[in-house]
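First the structure, in the form of structure tokens, and then the observations on it.
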Amino acid sequence: MYCDDCSYIGAEIEYCQENGIKVLLSLEDPGHGTQTDASKLAKYLWNNFLGGESSDRPLGNAILDGIVFEDVNPGTVLKFDKLAEELKNYGPVQLAAFPPCGEVDHNLDSVIDTGLLDYVWVKFYDDISCDYANNNVDILSILT
């Protein structure tokens with residue numbers, strides 16, 4: 001987290017949710033970890049951000065709608081597919097992936113292949129080869 005006490009954000013999250021806006025936590029891979037860390041991380045995420053209980057919830061009483069997986073580091077050991085399975089075992093949670101356009105991210109591919117994701121949002125920025133400009137429909141072929 002980027003603040004010492006983020007509990008005040010909880011009211012803002014609840015306001016968004018009351019107005020039909022889903023709020024998901026973006027999770028970037030740290031580039032290290034083990035398979036068993038997926039179970040521990042799922043438990044932490046569930047209890048501190050999702051539907052579980054903890055006396056130390058960083059966002060107060062707000063219950064986020066889900067998790068977005070993105071930016072997996074090459075050579076990582078932590079598997080998002082295992083983490084997705086663990087999270088779904090806890091209860092209802094929305095899961096999404098945010099793969100980069102024009103790059104193959106095998107760790108995100110594995111979580112997408114589980115069929116457990118509710119959304120896949122392709123990142124079309126930060127890569128000039130993925131810019132859609134001047135009616136360049138050829139860019140759409142990379143998605144197939």
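The values are calculated or read from the model by the stated rules, or taken from the named source; none is laboratory data. These figures come from a predicted structure and were not determined experimentally. Every residue, glycine among them, receives a Cβ derived from its backbone with ideal geometry; neighbour counts consider all protein chains shown.
Would you pick out the residues in the stretch 73-95 that are in contact with a strand residue (DSSP E or B) (Cβ under 7 Å, 6 or more places away or on another chain) and at pLDDT 95 or above?
Filtering the stretch 73-95 down to residues in contact with a strand residue (DSSP E or B) (Cβ under 7 Å, 6 or more places away or on another chain) leaves 80, 84, 87, 93-95.
Within the stretch 73-95, L87, V93, Q94, L95 meet the criteria.
Does any residue of the stretch 14-28 turn out to be β-branched (V, I, T) and modelled with pLDDT under 85? So far as the stretch 14-28 goes, no, none of its residues is β-branched (V, I, T) and modelled with pLDDT under 85.
Among residues that are in contact with a helix residue (DSSP H, G or I) (Cβ under 7 Å, 6 or more places away or on another chain) and modelled with pLDDT under 85, L108 is included.
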